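Notes to accompany the following structure.
The values are calculated or read from the model by the stated rules, or taken from the named source; none is laboratory data. Here the structure is a predicted model, which means the values were calculated and not measured. Using ideal geometry, Cβ is built from the backbone for each residue, glycine included, and neighbour counts are taken over all protein chains shown. Just the protein is used for accessible areas: all its heavy atoms, side chains included, with ligands, DNA and RNA removed. Shrake-Rupley method; radii C 1.70, N 1.55, O 1.52, S 1.80 Å.
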Amino acid sequence: MSQSELDILKRALEREKAARKAAEKILEERSKDLYASSLKVKQLLDEKSAQLQGVFENIVDAYVVMDVNGNVLKFNEAATKLFGYDIDKESVNVLNLIYKGDYQYAMASYMDLQTNGFFKDYVARVYTKSGEVKWVHINASVIFDRDKTPIAAQGIVRDITEDKKRRELVIEQKTQLDAIVDNASFGIVLTHEGEILKTNLSFQNLIGYSEEEFLKLSIKDISFSEDFPLSKDYITKMDAGEINNFVINKRYKKKDGSILWAKTNVNAVNDNQGKIKHQVALIEDITEQREKDLMISLINDVAKSILGKLEINSIASVITGKIAQFLGTDDCVIYIVNSKEKTVEQIAAFGSKINTENQVINNLIFPINEGITGRVAQTGVAEIIKDTSKDSAYIIDEKVRLSELVVPIINNGEVIGIIDSEHPQKNHFTKEHLKAIQNVANIVAVQLKSAINTREKERVESQNKQLFNQLEKSNDELQEYAHIVSHDLKSPLRSIDALVNWLKEDNKDKLDDVSLQNFAHIESTLEKMEQLITDILEYSSVGSDNSETTDVDTNSIVNDLMTMLFIPEHIEIKLLQKLPVIKGDKTKLEQVFQNLLSNAIKFCDKDKGLIEIDVVAKPEYYEFSIRDNGIGIDKKFHDKIFKIFHALNKSKDSTGIGLSIVKKIVNLHDGEIWLESEPQKGSTFYFTLKR
């Protein structure tokens, strides 16, 4: 290496040494300044601590003081407990406490501290010494010396970890609750003084309005004024604090103009002073179920009302009244079709078309090819006219009505009559209305045909025999149809029972004791109704089949029953002698013995019960007897107990049909049944069966 190169390196080394000395001097001066600043902070803190010692130590939240470089200078007891550091033994810098994901937010807040001298409501996460993550809320400010120079910062740190968890849990639960409410199968409405505040999706779908549209409506806007008296009393009691909830069935106006029938459960939401803050209504659509219930009720009412009636005008008058009430109209007419004369005759009406004696004021007769009624008479096809002003066949009777429902009454493929009902408003009649009236037409067809035949019989005596046969056949058909209708009643009962169980399950945390008790009453009533229908079916089926008679060992029947029936230990059943073999229907005779033995067991009130079965052979029949020492029956009831629905001891498992079935079976076997009894001493039932 040349001398010049050595000189260059030497000069460079000297410059580097000079630069290092200058840097060391600057660092030394900076350290002195930092140390002096720390002394000032410490001195200031010592002064303030002496003045605020009690306050400082008793601050519930963590209190932290740091220098301008983030070094922690002081923790109170709460801060030590929160972060886990003992600053008397170890150094801590706030940068080590900042959660990594919140670093940018922390730096931005620190800039606010430098710029403004404070920051408020800083919420972020921090690390503790153990590595645990905590959520904290911080309010901080800059500390100045006597020369107004910033020398440190102080902050109140509140641990909000548990609060945040609770809030998040509440938010989560509210979200879940909102999801449940929005997706509930029934409508939910929040109201205040009749104004709609909130609706769920189900109610929006039920009525047809959007959530935004509902906010512009009130309960009054979607209700019928005729229904207000129904709920006024409940509302008054709720406002007075007498009740907190009530349930009513009411109508709602749907956006498309149709009607929603709903079971409405209204509950009050009170504030801390007990005043009503809101009302929550649970809306359950019962339109379809109500239509079914009304349909069943209509069919039953019509069937019972016309039963035994043979006069045509009397039958038709009953039908028009029942139908008008069901359809919610003041106009209903029954026409008879005369196929020979090709005319349609008005024979009964409801409303303003009849006088005080239920007679049609203006008995119209017109050709079968005129009007909507004539059209249905020709086609045999029912029609719903939504707007009569658009149907050229519409004939004005007494006044214009915009909706019309026309249903043919058909018997053996022939249109024998017409049910015609009108309503002043358009689109009044529904498919459910049509179905219900068709069912009525089917029921009354036989009876109406019988009535028509009876009228013809009075006119033409030469056709007496033919009319009698037709009437007998019609009655048989009516009995068969009534049996089918009764049997079909079980299906909706089971549906009601299922809906009640679903409703209880869906609302098990919302129902009070009264509601649960009401549900229990419903379930009990459904059980009794189903048993009643079963017994009615059984009663109606006795004698309806043509089972062949066989040799029946009555002794074997009784022995089998004694093993099948539940016989309490305190009751003894004695067979006094062997019972005979007779001709008869084994199944039906089993019913006779089973009913009589079951009653004897059920109504035994003695500590030691005794039931004796005996038989006496007569020349033409056997006289059986079943004697017990039970509660007995007063003589005035001896004839009544064999009549249907006459149960002397009302209970949930008694429908009052059992003994009527026994009597019917015994009569079918050409026998008789009677009893001898004295209250509190017991009863003896006697019945005879042919040998």
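Just to be sure I understand the filter: pairs with C-beta atoms under 7 Å, separated by 6 or more residues or on different chains, first member in the range 262-291 and assigned to a loop (DSSP other than H, G, I, E, B), second member buried (at least 16 other Cβ atoms within 10 Å of the Cβ). Which pairs pass?
ILE286/TRP261; ILE286/ALA262; ILE286/LYS263
Test each condition in (1) open to solvent by 60 Å² or more (accessible area, probe 1.4 Å); (2) within 24 Å of ASP301 (Cβ to Cβ); (3) within 41 Å of the chain's Cα centre (by Cα); (4) modelled with pLDDT under 90 for VAL400 and report the one that comes out false.
Result: VAL400 fails condition (2) only.
Which of the residues spanning the range 346-365 are buried (at least 18 other Cβ atoms within 10 Å of the Cβ) and small (Gly, Ala, Ser)?
Result: ALA348, ALA349.
Is it the case that VAL72 is of a type in the set (Val, Ile, Thr), crowded, with 19+ Cβ neighbours inside 10 Å and either at pLDDT 90 or above or within 22 Å of PHE144 (Cα to Cα) (or both)? Steps first, answer last, please.
Working: of a type in the set (Val, Ile, Thr): yes; crowded, with 19+ Cβ neighbours inside 10 Å: yes; either at pLDDT 90 or above or within 22 Å of PHE144 (Cα to Cα) (or both): yes.
Yes: the conditions hold for VAL72.
Could you grab the pairs with beta carbons closer than 6 Å, sequence gap of 6+ or different chains, first residue in the range 598-613 and of a type outside the set (A, V, I, L, M, F, W, C), second one in a strand (DSSP E or B) and surrounded by 14 or more Cβ atoms within 10 Å (Cβ to Cβ)?
Partner pairs satisfying both residue conditions: GLY609/ILE571; GLU612/ARG627.
Within the range 69-102, track down each residue that is free of Cβ contacts under 8 Å to residues at least 24 places away in the same chain, in contact with a helix residue (DSSP H, G or I) (Cβ under 9 Å, 6 or more places away or on another chain) and either among the hydrophobic types (A, V, I, L, M, F, W, C) or under 18 Å from HIS137 (Cα atoms) (or both).
Scanning the range 69-102 gives VAL72, PHE75, ASN76, GLU77, ILE87, VAL92.
Among the residues of the range 261-303, write down those that are under 12 Å from ALA436 (Cβ atoms) and of a type in the set (A, V, I, L, M, F, W, C).
LEU294, MET295, ILE296, LEU298, ILE299, VAL302
Tell me which residues, restricted to the range 560-607, are outside any loop (DSSP other than H, G, I, E, B) and open to solvent by 70 Å² or more (accessible area, probe 1.4 Å). So that I can check it myself, show each step before the final result.
First pass over the range 560-607, keeping only residues outside any loop (DSSP other than H, G, I, E, B): 560-564, 571-575, 581-584, 586-602.
If the condition is that a residue be outside any loop (DSSP other than H, G, I, E, B) and open to solvent by 70 Å² or more (accessible area, probe 1.4 Å), then ASP560, THR563, MET564, GLU572, LYS574, VAL581, LYS583, LYS586, THR587, GLN594, LYS602 are the ones that fit.
Return the pairs, sorted by first residue and then second, in which the second residue is open to solvent by 10 Å² or more (accessible area, probe 1.4 Å) and modelled with pLDDT of 80 or more, the first residue lies in the range 439-460 and is within 20 Å of VAL381 (Cα to Cα) and of a type in the set (Lys, Arg), the beta carbons are less than 7 Å apart, and the residues are 6+ apart or on different chains.
Matching pairs, first to second residue: LYS449/ASN411.
Can you name the residue in the range 144-169 that is open to solvent by less than 80 Å² (accessible area, probe 1.4 Å) and within 17 Å of SER109 (Cβ to Cβ) and, of all such residues, is modelled with the lowest pLDDT? Steps first, answer last, please.
Taking the range 144-169 as the starting set, the residues that turn out to be open to solvent by less than 80 Å² (accessible area, probe 1.4 Å) are 145, 149-157, 159-161, 163-164.
Retained after the next criterion (residues that are within 17 Å of SER109 (Cβ to Cβ)): 150, 152-157, 160.
Working: PRO150: 88, ALA152: 91, ALA153: 93, GLN154: 93, GLY155: 93, ILE156: 94, VAL157: 94, ILE160: 92.
Among residues in the range 144-169 that are open to solvent by less than 80 Å² (accessible area, probe 1.4 Å) and within 17 Å of SER109 (Cβ to Cβ), the one modelled with the lowest pLDDT is PRO150.
Do you know which residues across the range 309-322 are of a type in the set (A, V, I, L, M, F, W, C) and open to solvent by 60 Å² or more (accessible area, probe 1.4 Å)?
Across the range 309-322, the qualifying residue is only LEU310.
Hey, could you check the range 608-629 for residues that are within 14 Å of THR554 (Cα to Cα) and of a type in the set (Gly, Ala, Ser) and say which is most open to solvent (accessible area, probe 1.4 Å)?
ALA617
Would you check which residues across the range 212-227 are open to solvent by 70 Å² or more (accessible area, probe 1.4 Å) and either in contact (Cβ under 8 Å) with a residue 24 or more places away in the chain or assigned to a helix (DSSP H, G or I) (or both) and list them?
Narrowing the range 212-227 to residues open to solvent by 70 Å² or more (accessible area, probe 1.4 Å): 212, 215-216, 220-221, 225-226.
GLU212, LYS220, ASP221, SER225, GLU226 - these are the residues of the range 212-227 that are open to solvent by 70 Å² or more (accessible area, probe 1.4 Å) and either in contact (Cβ under 8 Å) with a residue 24 or more places away in the chain or assigned to a helix (DSSP H, G or I) (or both).
So which residues in the range 323-345 are buried (at least 21 other Cβ atoms within 10 Å of the Cβ) and within 44 Å of the chain's Cα centre (by Cα), if there are any at all?
ILE323, PHE326, LEU327, THR329, ASP331, CYS332, VAL333, ILE334, TYR335, ILE336
Would you mind stating whether ILE283 is of a type outside the set (Phe, Trp, Tyr) and more than 21 Å from LYS504 (Cα to Cα)?
Considered against the rule, which asks whether it is of a type outside the set (Phe, Trp, Tyr) and more than 21 Å from LYS504 (Cα to Cα), ILE283 comes out as no.
Which of (1) at pLDDT below 90; (2) of a type outside the set (S, T, N, Q); (3) more than 25 Å from GLU311 (Cα to Cα); (4) not in a helix (DSSP H, G or I) is the odd one out, the single condition ILE347 does not satisfy?
Tallying (1) at pLDDT below 90; (2) of a type outside the set (S, T, N, Q); (3) more than 25 Å from GLU311 (Cα to Cα); (4) not in a helix (DSSP H, G or I), ILE347 fails exactly one: (3).
In the range 518-530, which residue that is of a type outside the set (A, V, I, L, M) and surrounded by 11 or more Cβ atoms within 10 Å (Cβ to Cβ) is modelled with the lowest pLDDT?
LYS528
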